[in-house]
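Asker: I'd like to ask you about the structure that follows.
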Amino acid sequence: MSTLIRGGTVVTGSGAAPLHGGAVVLDGGRIADVLERWDPAASFDGEIIDATGAIVMPGLINCHTHGVTPGPLFPSAAHALDDVQWLNNLDRHLLAGTTTVLNLCGFASMDHVREADRRHAVNVRGATTHLPSALLAARKADGGGLTGREAEVGVEQMLSDGAVAIGELGGGQTLGGGGQDLVYLPAALEKRTGVRISQDQARQLKEAVLGRFLDAATSDTDLLRAASDAAGLGGRLELPDLSRIVADTVMPSVGPAIEGIREGVRAAAQFGVPAIIHSASATARVMRELMEQTRGTDTRIIAAHVNHTSHTPAEALELAALGRDRGWLAEASVFDLLHRRKTVTTRDHWDALFSAPGLVDVLGTDYGHGGDHDELISAVQDLVTREHKTLGEAVAMVTSTVARAIPGIASERGELRKGLIADVVVTRADDFRAVSHVFVDGTAVVRDGQLTAGARR
Ligand SMILES: [Zn+2]
(Lines give C-alpha, C1' and ligand atoms only; values in the text may rest on other atoms or scores of the structure.)
Protein backbone atom coordinates (compact mmCIF):
# COMPACT_ATOMS: atom_id res chain seq x y z
CA MET A 1 0.00 0.00 0.00
CA SER A 2 1.44 3.34 -1.09
CA THR A 3 0.46 6.72 0.29
CA LEU A 4 1.26 10.19 -0.97
CA ILE A 5 0.94 13.07 1.50
CA ARG A 6 1.20 16.27 -0.49
CA GLY A 7 0.63 20.01 -0.22
CA GLY A 8 1.62 20.44 3.42
CA THR A 9 4.57 21.90 5.25
CA VAL A 10 7.00 19.02 5.69
CA VAL A 11 9.10 19.12 8.86
CA THR A 12 11.60 16.29 8.60
CA GLY A 13 12.61 16.15 12.26
CA SER A 14 16.29 16.65 11.45
CA GLY A 15 16.10 20.22 12.73
CA ALA A 16 16.30 21.61 9.19
CA ALA A 17 13.94 24.31 7.89
CA PRO A 18 10.50 23.07 6.76
CA LEU A 19 9.67 22.28 3.12
CA HIS A 20 6.59 24.32 2.26
CA GLY A 21 4.38 22.51 -0.22
CA GLY A 22 6.52 19.39 0.04
CA ALA A 23 5.46 15.78 -0.20
CA VAL A 24 6.12 12.47 1.56
CA VAL A 25 5.66 9.10 -0.11
CA LEU A 26 5.11 5.97 2.01
CA ASP A 27 5.50 2.52 0.58
CA GLY A 28 5.83 -0.93 2.17
CA GLY A 29 5.98 0.52 5.67
CA ARG A 30 8.94 2.74 4.81
CA ILE A 31 9.41 6.30 3.69
CA ALA A 32 9.92 5.95 -0.05
CA ASP A 33 10.63 9.62 -0.72
CA VAL A 34 10.61 13.12 0.73
CA LEU A 35 10.13 15.72 -2.02
CA GLU A 36 10.44 19.50 -2.05
CA ARG A 37 7.32 19.66 -4.18
CA TRP A 38 4.84 17.38 -5.91
CA ASP A 39 3.85 18.13 -9.48
CA PRO A 40 0.03 18.40 -9.34
CA ALA A 41 -0.15 17.00 -12.87
CA ALA A 42 1.72 13.83 -11.94
CA SER A 43 -0.27 10.67 -11.32
CA PHE A 44 0.13 8.49 -8.25
CA ASP A 45 -0.85 4.88 -7.80
CA GLY A 46 -2.11 4.72 -4.22
CA GLU A 47 -3.88 6.79 -1.59
CA ILE A 48 -3.41 10.55 -1.80
CA ILE A 49 -3.77 12.73 1.28
CA ASP A 50 -4.13 16.45 0.67
CA ALA A 51 -2.17 18.15 3.47
CA THR A 52 -2.84 21.72 2.38
CA GLY A 53 -2.89 23.88 5.53
CA ALA A 54 -1.31 21.05 7.48
CA ILE A 55 2.08 20.12 8.85
CA VAL A 56 3.63 16.74 8.12
CA MET A 57 6.16 15.51 10.67
CA PRO A 58 7.63 12.26 11.97
CA GLY A 59 5.67 10.37 14.62
CA LEU A 60 6.53 11.91 17.97
CA ILE A 61 8.76 10.08 20.46
CA ASN A 62 7.80 10.68 24.08
CA CYS A 63 10.68 9.82 26.42
CA HIS A 64 8.73 10.37 29.66
CA THR A 65 5.47 8.49 30.07
CA HIS A 66 3.82 6.40 32.78
CA GLY A 67 0.87 4.02 32.78
CA VAL A 68 1.28 2.61 29.29
CA THR A 69 1.76 -1.08 30.16
CA PRO A 70 0.04 -3.68 32.37
CA GLY A 71 3.05 -3.56 34.75
CA PRO A 72 3.54 -1.88 38.13
CA LEU A 73 2.78 1.83 38.00
CA PHE A 74 5.26 4.65 38.70
CA PRO A 75 8.67 4.39 40.39
CA SER A 76 6.72 3.42 43.53
CA ALA A 77 5.51 0.21 41.79
CA ALA A 78 1.88 0.85 42.64
CA HIS A 79 -0.81 -1.59 41.54
CA ALA A 80 -1.00 -1.81 37.75
CA LEU A 81 -3.68 0.01 35.80
CA ASP A 82 -6.35 -2.23 34.32
CA ASP A 83 -6.25 -2.96 30.59
CA VAL A 84 -8.88 -0.34 29.76
CA GLN A 85 -6.85 2.41 31.39
CA TRP A 86 -3.40 1.72 29.94
CA LEU A 87 -4.84 1.09 26.49
CA ASN A 88 -6.78 4.37 26.78
CA ASN A 89 -3.54 6.10 27.75
CA LEU A 90 -1.91 4.75 24.59
CA ASP A 91 -4.93 5.86 22.53
CA ARG A 92 -4.49 9.36 23.93
CA HIS A 93 -0.83 9.43 22.93
CA LEU A 94 -1.57 8.13 19.45
CA LEU A 95 -4.46 10.53 18.75
CA ALA A 96 -2.06 13.38 19.52
CA GLY A 97 0.60 12.14 17.12
CA THR A 98 2.89 10.23 19.49
CA THR A 99 3.95 6.95 17.92
CA THR A 100 6.69 5.88 20.36
CA VAL A 101 6.66 6.06 24.16
CA LEU A 102 9.23 5.17 26.77
CA ASN A 103 7.52 3.70 29.83
CA LEU A 104 9.31 5.16 32.87
CA CYS A 105 7.54 2.88 35.34
CA GLY A 106 10.80 1.04 35.87
CA PHE A 107 9.43 -2.04 37.63
CA ALA A 108 7.36 -3.19 34.67
CA SER A 109 8.88 -6.36 33.23
CA MET A 110 9.84 -6.59 29.58
CA ASP A 111 6.92 -9.02 29.18
CA HIS A 112 4.62 -6.19 30.29
CA VAL A 113 6.29 -3.83 27.82
CA ARG A 114 6.11 -6.34 24.97
CA GLU A 115 2.43 -6.99 25.69
CA ALA A 116 1.66 -3.27 25.44
CA ASP A 117 3.76 -2.97 22.29
CA ARG A 118 1.97 -5.93 20.70
CA ARG A 119 -1.55 -4.88 21.60
CA HIS A 120 -1.32 -1.26 20.49
CA ALA A 121 0.02 0.56 17.44
CA VAL A 122 2.15 2.86 19.58
CA ASN A 123 5.72 1.57 19.84
CA VAL A 124 6.13 0.94 23.57
CA ARG A 125 9.69 0.81 24.93
CA GLY A 126 10.84 -0.16 28.39
CA ALA A 127 13.14 1.21 31.07
CA THR A 128 14.32 -0.43 34.26
CA THR A 129 14.83 0.44 37.92
CA HIS A 130 15.49 -3.13 39.04
CA LEU A 131 18.02 -1.91 41.63
CA PRO A 132 18.13 -2.91 45.32
CA SER A 133 17.57 0.55 46.81
CA ALA A 134 15.00 1.63 44.22
CA LEU A 135 13.09 -1.55 45.00
CA LEU A 136 13.28 -0.87 48.74
CA ALA A 137 12.02 2.70 48.16
CA ALA A 138 9.09 1.38 46.11
CA ARG A 139 8.22 -1.15 48.83
CA LYS A 140 8.29 1.53 51.52
CA ALA A 141 6.20 4.02 49.51
CA ASP A 142 3.75 1.57 47.93
CA GLY A 143 4.91 -1.56 46.08
CA GLY A 144 1.34 -2.82 45.60
CA GLY A 145 2.08 -3.86 42.02
CA LEU A 146 5.24 -5.85 42.71
CA THR A 147 5.24 -9.56 41.92
CA GLY A 148 8.14 -10.51 44.20
CA ARG A 149 10.32 -11.46 41.24
CA GLU A 150 11.82 -7.97 40.75
CA ALA A 151 14.76 -8.58 43.10
CA GLU A 152 15.91 -11.61 41.09
CA VAL A 153 15.62 -9.87 37.74
CA GLY A 154 18.07 -6.98 38.07
CA VAL A 155 19.03 -4.21 35.67
CA GLU A 156 21.46 -6.29 33.63
CA GLN A 157 18.84 -8.88 32.74
CA MET A 158 16.28 -6.17 31.91
CA LEU A 159 18.78 -4.51 29.56
CA SER A 160 19.64 -7.76 27.83
CA ASP A 161 15.89 -8.39 27.51
CA GLY A 162 15.43 -5.11 25.62
CA ALA A 163 15.09 -2.24 28.11
CA VAL A 164 16.66 0.88 26.59
CA ALA A 165 17.29 3.04 29.67
CA ILE A 166 17.57 3.04 33.43
CA GLY A 167 14.77 5.06 34.97
CA GLU A 168 12.84 6.80 36.20
CA LEU A 169 15.31 6.99 39.06
CA GLY A 170 13.47 8.53 41.96
CA GLY A 171 9.91 9.71 41.59
CA GLY A 172 7.41 11.87 43.37
CA GLN A 173 5.76 9.00 45.24
CA THR A 174 9.05 7.82 46.75
CA LEU A 175 10.44 11.32 47.28
CA GLY A 176 7.71 13.12 49.14
CA GLY A 177 6.22 14.58 45.95
CA GLY A 178 2.72 15.06 44.63
CA GLY A 179 1.83 11.38 44.99
CA GLN A 180 2.36 11.65 48.73
CA ASP A 181 0.10 14.70 48.85
CA LEU A 182 -2.57 13.10 46.71
CA VAL A 183 -2.71 9.57 48.08
CA TYR A 184 -0.51 8.43 50.92
CA LEU A 185 -0.54 11.34 53.37
CA PRO A 186 -4.33 11.86 53.25
CA ALA A 187 -4.78 8.10 53.73
CA ALA A 188 -2.47 7.99 56.75
CA LEU A 189 -4.19 10.95 58.40
CA GLU A 190 -7.67 9.67 57.62
CA LYS A 191 -6.78 6.35 59.23
CA ARG A 192 -5.73 8.16 62.40
CA THR A 193 -8.37 10.93 62.59
CA GLY A 194 -11.25 10.00 60.28
CA VAL A 195 -10.75 13.34 58.51
CA ARG A 196 -10.06 13.29 54.77
CA ILE A 197 -7.82 16.18 53.77
CA SER A 198 -7.16 17.53 50.27
CA GLN A 199 -3.97 17.26 48.22
CA ASP A 200 -3.23 20.92 48.83
CA GLN A 201 -3.73 20.59 52.58
CA ALA A 202 -1.45 17.55 52.63
CA ARG A 203 1.26 19.47 50.79
CA GLN A 204 1.05 22.34 53.27
CA LEU A 205 1.36 19.96 56.22
CA LYS A 206 4.28 18.18 54.58
CA GLU A 207 6.13 21.41 53.82
CA ALA A 208 5.53 22.67 57.36
CA VAL A 209 7.19 19.54 58.77
CA LEU A 210 9.85 18.78 56.14
CA GLY A 211 10.28 21.90 54.04
CA ARG A 212 10.74 21.69 50.26
CA PHE A 213 13.98 19.73 50.62
CA LEU A 214 12.61 16.97 52.88
CA ASP A 215 14.68 17.90 55.89
CA ALA A 216 13.04 17.40 59.31
CA ALA A 217 15.42 20.02 60.74
CA THR A 218 13.45 22.70 58.89
CA SER A 219 10.17 21.94 60.76
CA ASP A 220 8.16 25.11 61.39
CA THR A 221 5.66 24.88 64.28
CA ASP A 222 3.72 28.05 63.40
CA LEU A 223 3.29 26.91 59.82
CA LEU A 224 2.25 23.44 61.02
CA ARG A 225 -0.36 24.87 63.40
CA ALA A 226 -1.83 26.99 60.61
CA ALA A 227 -1.81 24.07 58.14
CA SER A 228 -3.36 21.76 60.75
CA ASP A 229 -6.18 24.23 61.46
CA ALA A 230 -6.76 24.84 57.75
CA ALA A 231 -7.04 21.09 57.16
CA GLY A 232 -9.59 20.71 59.95
CA LEU A 233 -7.19 18.72 62.12
CA GLY A 234 -6.87 21.30 64.91
CA GLY A 235 -7.91 19.69 68.21
CA ARG A 236 -7.84 16.18 66.76
CA LEU A 237 -4.08 15.70 66.88
CA GLU A 238 -1.35 17.27 68.98
CA LEU A 239 1.21 18.96 66.75
CA PRO A 240 4.08 16.58 67.71
CA ASP A 241 1.82 13.63 66.81
CA LEU A 242 0.86 15.22 63.52
CA SER A 243 4.48 15.99 62.78
CA ARG A 244 5.46 12.36 63.48
CA ILE A 245 2.73 10.95 61.22
CA VAL A 246 3.81 13.22 58.38
CA ALA A 247 7.48 12.28 58.76
CA ASP A 248 6.72 8.56 59.23
CA THR A 249 4.60 8.52 56.08
CA VAL A 250 6.86 10.54 53.81
CA MET A 251 10.41 9.79 54.91
CA PRO A 252 10.92 5.98 54.94
CA SER A 253 11.20 5.75 51.15
CA VAL A 254 13.28 8.91 50.74
CA GLY A 255 16.69 7.58 51.79
CA PRO A 256 16.42 4.42 49.68
CA ALA A 257 15.09 6.43 46.71
CA ILE A 258 18.12 8.75 46.82
CA GLU A 259 20.46 5.75 47.13
CA GLY A 260 18.61 4.14 44.21
CA ILE A 261 19.50 7.15 42.06
CA ARG A 262 23.18 6.59 42.84
CA GLU A 263 22.86 2.87 42.06
CA GLY A 264 21.16 3.68 38.77
CA VAL A 265 23.89 6.08 37.69
CA ARG A 266 26.56 3.48 38.54
CA ALA A 267 24.65 0.93 36.44
CA ALA A 268 24.37 3.41 33.56
CA ALA A 269 28.15 3.86 33.64
CA GLN A 270 28.72 0.10 33.84
CA PHE A 271 26.34 -0.93 31.07
CA GLY A 272 26.61 2.11 28.79
CA VAL A 273 22.93 3.03 28.72
CA PRO A 274 21.25 6.32 29.60
CA ALA A 275 19.99 6.95 33.13
CA ILE A 276 16.92 9.14 33.56
CA ILE A 277 16.67 10.95 36.90
CA HIS A 278 13.63 12.57 38.49
CA SER A 279 14.61 16.23 38.89
CA ALA A 280 12.90 17.94 41.83
CA SER A 281 13.85 19.92 44.91
CA ALA A 282 14.15 16.59 46.78
CA THR A 283 16.80 15.31 44.34
CA ALA A 284 18.68 18.56 43.72
CA ARG A 285 21.43 17.71 46.17
CA VAL A 286 22.13 14.19 44.87
CA MET A 287 21.97 15.48 41.29
CA ARG A 288 24.69 18.02 42.06
CA GLU A 289 26.77 15.27 43.66
CA LEU A 290 26.34 13.02 40.61
CA MET A 291 27.04 15.86 38.17
CA GLU A 292 30.47 16.18 39.75
CA GLN A 293 31.02 12.40 39.77
CA THR A 294 30.13 11.89 36.12
CA ARG A 295 31.97 14.99 34.96
CA GLY A 296 34.32 14.22 32.09
CA THR A 297 32.98 10.65 31.67
CA ASP A 298 30.79 9.42 28.83
CA THR A 299 27.99 8.28 31.18
CA ARG A 300 24.77 9.55 29.68
CA ILE A 301 22.34 11.11 32.13
CA ILE A 302 19.04 12.73 31.30
CA ALA A 303 17.54 14.98 33.98
CA ALA A 304 13.78 14.46 33.74
CA HIS A 305 11.27 17.31 33.92
CA VAL A 306 13.89 19.94 34.74
CA ASN A 307 10.93 22.34 34.93
CA HIS A 308 9.50 20.50 37.98
CA THR A 309 7.66 23.07 40.07
CA SER A 310 9.11 21.87 43.38
CA HIS A 311 12.12 23.90 42.22
CA THR A 312 11.74 27.65 42.16
CA PRO A 313 12.19 28.90 38.58
CA ALA A 314 15.61 30.27 39.59
CA GLU A 315 16.65 26.93 41.11
CA ALA A 316 15.44 25.05 38.04
CA LEU A 317 17.44 27.35 35.80
CA GLU A 318 20.60 27.07 37.88
CA LEU A 319 20.42 23.26 38.14
CA ALA A 320 19.73 22.85 34.43
CA ALA A 321 22.64 25.13 33.55
CA LEU A 322 24.97 23.17 35.82
CA GLY A 323 23.77 19.92 34.26
CA ARG A 324 24.36 21.22 30.76
CA ASP A 325 27.87 22.35 31.70
CA ARG A 326 28.58 18.87 33.13
CA GLY A 327 27.40 17.14 29.95
CA TRP A 328 23.95 16.01 31.09
CA LEU A 329 20.93 16.14 28.85
CA ALA A 330 17.67 17.71 30.02
CA GLU A 331 14.05 16.82 29.39
CA ALA A 332 11.22 19.28 30.04
CA SER A 333 7.78 17.82 30.72
CA VAL A 334 4.69 19.64 29.60
CA PHE A 335 2.63 18.03 32.43
CA ASP A 336 -0.68 19.89 32.06
CA LEU A 337 0.78 23.39 32.28
CA LEU A 338 -0.57 24.61 28.94
CA HIS A 339 -4.28 23.78 28.88
CA ARG A 340 -5.60 21.54 31.62
CA ARG A 341 -3.75 23.06 34.56
CA LYS A 342 -4.80 20.67 37.28
CA THR A 343 -1.38 19.61 38.54
CA VAL A 344 0.81 22.44 37.23
CA THR A 345 -0.79 25.85 37.23
CA THR A 346 2.19 27.99 36.29
CA ARG A 347 4.28 28.19 33.16
CA ASP A 348 7.02 30.25 34.82
CA HIS A 349 9.52 27.35 34.98
CA TRP A 350 8.81 26.33 31.40
CA ASP A 351 9.27 29.83 30.03
CA ALA A 352 12.34 30.51 32.15
CA LEU A 353 14.09 27.35 30.94
CA PHE A 354 13.34 28.04 27.29
CA SER A 355 14.28 31.70 27.47
CA ALA A 356 17.89 30.66 28.10
CA PRO A 357 19.61 28.89 25.21
CA GLY A 358 20.52 25.20 25.25
CA LEU A 359 19.08 24.21 28.63
CA VAL A 360 16.51 21.72 27.35
CA ASP A 361 17.24 18.96 24.83
CA VAL A 362 14.07 16.89 24.63
CA LEU A 363 10.42 17.04 25.69
CA GLY A 364 8.14 14.60 27.48
CA THR A 365 4.72 14.68 29.07
CA ASP A 366 5.07 12.81 32.36
CA TYR A 367 1.65 11.67 33.61
CA GLY A 368 -0.39 14.76 34.50
CA HIS A 369 -3.59 14.31 36.48
CA GLY A 370 -4.66 10.66 36.22
CA GLY A 371 -2.92 10.41 32.85
CA ASP A 372 -4.65 13.51 31.51
CA HIS A 373 -1.53 15.45 30.54
CA ASP A 374 -1.34 18.06 27.82
CA GLU A 375 -0.32 16.72 24.43
CA LEU A 376 3.36 16.50 23.51
CA ILE A 377 2.52 18.02 20.14
CA SER A 378 0.90 20.94 21.94
CA ALA A 379 4.21 21.58 23.68
CA VAL A 380 5.87 21.71 20.26
CA GLN A 381 3.41 24.32 19.06
CA ASP A 382 3.81 26.34 22.26
CA LEU A 383 7.59 26.58 21.80
CA VAL A 384 7.08 27.86 18.25
CA THR A 385 4.25 30.26 19.11
CA ARG A 386 6.25 31.76 21.98
CA GLU A 387 9.28 31.99 19.68
CA HIS A 388 11.38 29.86 22.01
CA LYS A 389 12.22 27.58 19.08
CA THR A 390 11.82 27.43 15.32
CA LEU A 391 9.38 24.84 14.01
CA GLY A 392 12.24 22.64 12.81
CA GLU A 393 14.03 22.85 16.17
CA ALA A 394 10.91 22.17 18.22
CA VAL A 395 9.97 19.08 16.19
CA ALA A 396 13.53 17.73 16.50
CA MET A 397 13.14 17.84 20.31
CA VAL A 398 10.41 15.19 20.11
CA THR A 399 11.85 13.14 17.25
CA SER A 400 15.47 12.83 16.07
CA THR A 401 17.09 14.26 19.20
CA VAL A 402 15.25 11.75 21.38
CA ALA A 403 16.18 8.88 19.06
CA ARG A 404 19.84 9.90 19.34
CA ALA A 405 19.75 10.52 23.10
CA ILE A 406 18.33 7.09 23.90
CA PRO A 407 19.73 4.51 21.49
CA GLY A 408 17.19 1.74 20.86
CA ILE A 409 14.11 3.82 21.66
CA ALA A 410 13.33 4.44 18.00
CA SER A 411 15.79 2.74 15.69
CA GLU A 412 15.21 3.77 12.06
CA ARG A 413 12.60 6.26 13.23
CA GLY A 414 12.50 9.91 14.25
CA GLU A 415 12.98 11.53 10.85
CA LEU A 416 11.21 11.80 7.54
CA ARG A 417 14.02 10.42 5.46
CA LYS A 418 14.04 7.99 2.58
CA GLY A 419 14.37 4.40 3.80
CA LEU A 420 13.33 4.97 7.43
CA ILE A 421 10.22 3.40 8.99
CA ALA A 422 7.09 5.34 8.05
CA ASP A 423 5.80 6.76 11.34
CA VAL A 424 4.21 9.99 10.14
CA VAL A 425 1.83 12.61 11.55
CA VAL A 426 -0.36 15.11 9.71
CA THR A 427 -1.77 17.94 11.78
CA ARG A 428 -3.36 21.34 11.25
CA ALA A 429 -0.82 24.15 11.04
CA ASP A 430 -2.94 26.53 13.11
CA ASP A 431 -3.73 23.98 15.84
CA PHE A 432 -1.30 21.12 16.32
CA ARG A 433 -3.75 19.33 18.60
CA ALA A 434 -6.02 18.78 15.61
CA VAL A 435 -4.08 15.74 14.38
CA SER A 436 -5.82 14.33 11.31
CA HIS A 437 -3.65 11.38 10.29
CA VAL A 438 -1.12 9.17 12.01
CA PHE A 439 0.78 6.38 10.29
CA VAL A 440 2.76 3.70 12.11
CA ASP A 441 4.87 1.37 9.97
CA GLY A 442 3.17 2.99 6.97
CA THR A 443 -0.33 1.99 8.13
CA ALA A 444 -2.97 4.61 8.95
CA VAL A 445 -3.86 4.20 12.63
CA VAL A 446 -5.54 7.60 12.92
CA ARG A 447 -7.64 8.91 10.06
CA ASP A 448 -9.64 12.15 10.10
CA GLY A 449 -8.87 12.47 13.81
CA GLN A 450 -10.28 9.03 14.68
CA LEU A 451 -8.52 5.80 15.61
CA THR A 452 -8.74 3.19 12.88
CA ALA A 453 -9.16 -0.55 13.44
CA GLY A 454 -5.35 -0.80 13.21
CA ALA A 455 -4.75 1.22 16.37
CA ARG A 456 -5.38 -1.71 18.68
CA ARG A 457 -4.21 -5.15 17.79
ZN1 LIG B 1 9.43 12.27 37.78
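Asker: Going toward the positive end of the dipole of region 177-223, with +1 on Lys and Arg Cβ and -1 on Asp and Glu Cβ, which of L182, F213, Q201 do you reach last?
Answerer: L182
Asker: In the full protein assembly as shown, how much of R92 is accessible to a 1.4 Å probe, in Å² to the nearest 10?
Answerer: Its heavy atoms expose roughly 80 Å² to the probe.
Asker: Could you work out how far helix 254-271 tilts from the main Cα principal axis of the chain, as a 0 to 90 degree angle to the nearest 10?
Answerer: Helix 254-271 sits roughly 40 degrees off the main axis of the chain.
Asker: Right, another one. Stokes-Einstein D for region 103-247 at 37 °C, 0.692 mPa s, Kirkwood Rh over Cα pairs, in µm²/s?
Answerer: 192
Asker: Further, regarding this structure: Could you list log10 I(q)/I(0) for the chain at q = 0.06, 0.07, 0.09 Å⁻¹, which the Debye formula gives when each Cα is one point scatterer?
Answerer: -0.26, -0.35, -0.57
Asker: Send over a whole-number figure in Å² for the accessible area per residue of the chain, probe 1.4 Å.
Answerer: Values: 17690 Å² over 457 residues.
I get 39 Å² per residue for the chain.
Asker: Another question, if that's okay. I'd like the distance between the alpha-carbon centres of region 132-169 and region 399-442, rounded to an integer number of Å.
Answerer: 30
Asker: Over the chain, calculate the relative contact order: mean separation of alpha carbon pairs under 8 Å at least 6 apart, over the residue count, as a percent. Display every interim value, and only then the final one.
Answerer: Numbers: 1077 pairs, mean separation 92.3, N = 457.
Reported relative contact order: 20 percent.
Asker: Quick check for me: using +1 on Lys/Arg Cβ and -1 on Asp/Glu Cβ, what's the dipole size of the chain about its Cα centre, in debye to the nearest 20? Mind showing how you got there, number by number?
Answerer: Details: 43 positive and 57 negative charges, 74 e Å.
That gives a dipole near 360 debye.
Asker: I'd like the Kirkwood hydrodynamic radius of region 8-116, using the inverse of the mean 1/r over distinct C-alpha pairs, in Å. Before the final figure, lay out the partial values.
Answerer: Details: mean 1/r = 0.0610 Å⁻¹.
Taking every pair of different Cα atoms in region 8-116, averaging 1/r and inverting gives 16.4 Å.
Asker: Right, another one. Accessible surface of E259 in the full protein assembly, 1.4 angstrom probe, to the nearest 10 Å²?
Answerer: 60
Asker: Limiting things to C-alpha atoms, what are the Rg and the maximum Cα-Cα separation (Dmax) for region 45-85, in angstroms?
Answerer: Gyration radius and largest Cα-Cα distance of region 45-85: 18.0, 52 Å.
Asker: Where does helix 376-385 land angle-wise versus the long Cα axis of the chain, in degrees 0 to 90, nearest 10?
Answerer: 80
Asker: Could you count how many Lys pairs in the chain have their Cα atoms under 28 Å apart, skipping same-chain pairs fewer than 8 positions apart?
Answerer: Working: K140/K191; K140/K206; K140/K342; K191/K206; K191/K342; K206/K342; K342/K389; K389/K418.
For the chain, qualifying lysine pairs total 8.
Asker: Sticking with this one: In what sequence, largest accessible area first, do S228, S310 appear using a 1.4 Å probe?
Answerer: On the way: S228 5, S310 30 Å².
Ranked list, largest accessible area first: S310, S228.
Asker: At 20 °C and a viscosity of 1.002 mPa s, what translational diffusion coefficient does Stokes-Einstein give for region 231-275, taking Rh as the Kirkwood radius over Cα pairs? Give it in µm²/s as a whole number.
Answerer: Working: Rh = 13.2 Å.
Estimated via Stokes-Einstein, D reaches 162 µm²/s.
Asker: Please report, in debye to the nearest 20, how large the charge dipole of region 55-126 is about its Cα centre when each Lys and Arg carries +1 at its beta carbon and each Asp and Glu carries -1 there.
Answerer: Details: 5 positive and 6 negative charges, 35 e Å.
The dipole magnitude comes to about 160 debye.
Asker: Let me ask something additional. Once the mean 1/r over all distinct Cα pairs of region 332-457 is inverted, what Kirkwood radius in angstroms do you read off?
Answerer: Details: mean 1/r = 0.0639 Å⁻¹.
Evaluated on region 332-457, it is 15.7 Å.
Asker: If you don't mind, another one. Using R₀ = 51 Å, calculate the FRET efficiency as 1/(1 + (r/R₀)^6) where r is the Cβ-Cβ separation of F271 and A41; round to 0.05. Present the calculation step by step, with values, prior to reporting the outcome.
Answerer: Working: r = 55 Å, r/R0 = 1.08.
The value I calculate is 0.40.
Asker: Compute the orientation-averaged projected area for region 176-226 from the convex hull of its Cα atoms and round it to one decimal in nm². Please report the intermediate quantities before stating the final value.
Answerer: Numbers: hull surface 13.3 nm².
With the hull built on Cα positions only, its mean projection is 3.3 nm².
Asker: Same structure again: Tell me the angle of helix 284-293 to the major Cα principal axis of the chain, expressed in degrees between 0 and 90 and rounded to the nearest ten.
Answerer: 60
Asker: Express the carbon and sulfur contribution to the solvent-accessible surface of region 138-183 as a percent, rounded to the nearest whole number, probe 1.4 angstrom.
Answerer: Values: 770 of 1750 Å².
Looking at region 138-183 in its full context, I get 44 percent from C and S.
Asker: Leaving out ligands, DNA and RNA but keeping every protein chain, what accessible area does F74 have, in Å² rounded to the nearest 10, with a 1.4 Å probe?
Answerer: Probe radius 1.4 Å; accessible area of F74 about 40 Å².
Asker: Between region 26-46 and region 289-352, what is the separation of their alpha carbon centroids in Å?
Answerer: Answer, in whole Å: 41.
Asker: Compute the Rg/Rh shape ratio of region 53-174: radius of gyration over Kirkwood radius, all on alpha-carbon atoms. Present the calculation step by step, with values, prior to reporting the outcome.
Answerer: On the way: Rg = 14.3 Å, Rh = 14.3 Å.
Result for region 53-174 is an Rg/Rh of 1.00.
Asker: Can you give the Rg to Rh ratio of region 191-337, both from alpha-carbon atoms, with Rh computed by the Kirkwood formula? Kindly include the intermediate steps, with their values, before the conclusion.
Answerer: Details: Rg = 18.1 Å, Rh = 17.0 Å.
That ratio is 1.06, to two decimals.
Asker: Can you give the Kirkwood hydrodynamic radius of region 22-69 from its Cα pairs, in Å with one decimal?
Answerer: Working: mean 1/r = 0.0741 Å⁻¹.
Every distinct Cα pair counted, the radius reaches 13.5 Å.
Asker: Follow-up. Which length gain, in nm to one decimal place, applies between D111 and T147 when the Cα-Cα distance is subtracted from 0.36 nm times their residue separation? Mind showing how you got there, number by number?
Answerer: Details: separation 36, 0.36 × 36 = 12.96 nm, distance 1.29 nm.
This chain segment gains 11.7 nm when fully extended.
Asker: Quick one, what does Rg over Rh come out to for region 309-371 if you take C-alpha atoms and the Kirkwood Rh?
Answerer: On the way: Rg = 11.8 Å, Rh = 12.1 Å.
Rg/Rh: 0.97.
Asker: Right, something else. Taking all protein chains together and a probe of 1.4 Å, list R37, R447 from the most accessible to the least accessible.
Answerer: Details: R37 160, R447 85 Å².
Result of the area sort, largest leading: R37, R447.
The values are calculated or read from the model by the stated rules, or taken from the named source; none is laboratory data. Predicted model, so just to flag it, every value in this text is computed and none were measured. Counting neighbours? That spans all protein chains shown, and the Cβs are built from the backbone with ideal geometry, glycine included. The accessibility values were calculated without ligands, DNA or RNA, using every heavy atom of the protein model including side chains. Shrake-Rupley method; radii C 1.70, N 1.55, O 1.52, S 1.80 Å.
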